[in-house]
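One structure is given here, and the rest of the page talks about it.
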Amino acid sequence: QVQLEESGGGLVQAGGSLRLSCAASGRTFSRNAMGWFRQAPGKEREFVAATNWSGSSTYYADSVKGRFTISRDNAKNTVYLQMNNLIPEDTAVYYCAARQGYGLGAQSAMYDYWGQGTQVTVSP
């Protein structure tokens, strides 16, 4: 079992930055690929970024490539999402997810555990 808790969301002006954190419990964190997803009001949940078990491989949605960075610290059982140059379209609830596998994935169905989400609001 893996439990996930996101933090770091908030209100920021366009062009600003936020860093989301996801703290994981459980002894298998270092063997879990991790991902970030988001869901805006009235829209389906969408993939944002993913990393493999070691952090050596990452993958991003085109909409955030070059602005967001996913990273992880296995010693702290934490995965991060650094978000720079935020735009209003980034407004959403951001979810952290873990999958029982080493390789990263971009589809929500590939993930086994989910956090409760943290709200990110970007004002114009």
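The values are calculated or read from the model by the stated rules, or taken from the named source; none is laboratory data. Being a predicted model, the structure only gives us computed values, none of them experimental. Cβ sites come from the backbone with ideal geometry, for glycine too, and all protein chains shown count toward neighbours. When the accessible area is computed, the model is the full protein with side chains, heavy atoms only, and any ligands, DNA or RNA have been set aside. Shrake-Rupley method; radii C 1.70, N 1.55, O 1.52, S 1.80 Å.
Given the criteria more than 15 Å from Val120 (Cα to Cα), surrounded by 22 or more Cβ atoms within 10 Å (Cβ to Cβ) and touching a residue at least 12 places away in the same chain (Cβ under 8 Å), does Ala61 qualify? No: the conditions fail for Ala61. When the test is whether a residue is open to solvent by less than 30 Å² (accessible area, probe 1.4 Å), free of Cβ contacts under 8 Å to residues at least 60 places away in the same chain and under 16 Å from Glu5 (Cα atoms), Val48 does not pass it.
Contact annotation: residue pairs with Cβ atoms under 6 Å, 6 or more positions apart or on different chains, pairing a residue in segment 67-78 that is of a type in the set (Gly, Ala, Ser) with a partner that is not in a loop (DSSP other than H, G, I, E, B), are Ser71/Tyr80. Take the residues of segment 20-42 that are out of contact with any strand residue (DSSP E or B) (no Cβ under 8 Å at 6 or more places or on another chain) and of a type in the set (Lys, Arg): which is least open to solvent (accessible area, probe 1.4 Å)? The qualifying residue least open to solvent (accessible area, probe 1.4 Å) is Arg31. Filtering Arg72, Arg67, Arg31, Arg45 for residues that are more than 19 Å from Leu104 (Cα to Cα) and among the basic types (Lys, Arg) leaves a single hit, Arg67. Restricting segment 25-43 to residues that are in contact with a helix residue (DSSP H, G or I) (Cβ under 9 Å, 6 or more places away or on another chain) and not hydrophobic (A, V, I, L, M, F, W, C) leaves a set whose member that is farthest from Asn84 (Cα to Cα) is Gly35. The set of residues from segment 108-123 being in a loop (DSSP other than H, G, I, E, B) and either modelled with pLDDT of 95 or more or buried (at least 18 other Cβ atoms within 10 Å of the Cβ) (or both) comprises Tyr111, Gly115, Gln116, Gly117. Of all residues in segment 78-105, those being open to solvent by 40 Å² or more (accessible area, probe 1.4 Å), at pLDDT below 95 and not in a strand (DSSP E or B) number 3.
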